[in-house]
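The structure appears below as structure tokens.
The values are calculated or read from the model by the stated rules, or taken from the named source; none is laboratory data. Given the structure is predicted, the values throughout are model-derived calculations rather than measurements. Reconstructed Cβ throughout: ideal geometry from the backbone, glycine too, with neighbour counts over all protein chains shown. In case anyone asks, the SASA skips ligands and DNA or RNA and just uses the protein heavy atoms, side chains included. Shrake-Rupley method; radii C 1.70, N 1.55, O 1.52, S 1.80 Å.
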Amino acid sequence: MPMECSLPNAMTNPQNNTATYLGVPAAKRDSVSCADVVIFGAPDATPHVPGCASHAAGAPSALRERTRQIAEDPSRWDFDQDGPLIPVGLRAVDLGDLPTNPVTPVENRSLISSTTASILRAGAVPLLLSGDDSAPIVHMTRSPSG
């Protein structure tokens, strides 16, 4: 029996009370099967200086915060795609930041990879927010098969 999906539409119900990327609804990891796009943050992966947080560890939160004003008008026109910034009917959610730790780079990379794999297995597109250039490398090298 298919799982019932009841995600709010980001176009009609932006979540401005919580800092999410572009005001899309916040979600837990178990609700990704209802989404088309799943956003998540990774403050750190493999720090340049072992044990020290990346200079860009706050980037995922900063990106979310900077899109708050844009989220106030989700029908805002995107001239690059010749349509609304968030297309009508797009089911996007934001999982928030993964609990990374600059002291545990192996675990960070594993968490980023497993999160990416679970999103792909659910049939959604993962969108990683990070300022640490090692996080996208882990994210991009992960195959859908796990």
Index of the failed condition, Val103 passing every other in (1) touching a residue at least 60 places away in the same chain (Cβ under 8 Å); (2) under 24 Å from Ile137 (Cβ atoms): (1)
Pair list, Cβ under 9 Å, 6 or more apart: region 66-88 residue more than 19 Å from Ala35 (Cβ to Cβ), other residue open to solvent by 80 Å² or more (accessible area, probe 1.4 Å): Ile70/Arg76; Ser75/Val88; Gly83/Trp77
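Inside region 34-146, counting only strands (runs of 3 or more DSSP E) that do not spill past its ends, which hold 2 or more residues that are at pLDDT 90 or above, open to solvent by 60 Å² or more (accessible area, probe 1.4 Å) and under 21 Å from Gly23 (Cβ atoms)? Reasoning before the result, please.
Numbers: elements: 37-41, 92-97, 125-129.
In region 34-146, the matching strands (runs of 3 or more DSSP E) lie at 125-129.
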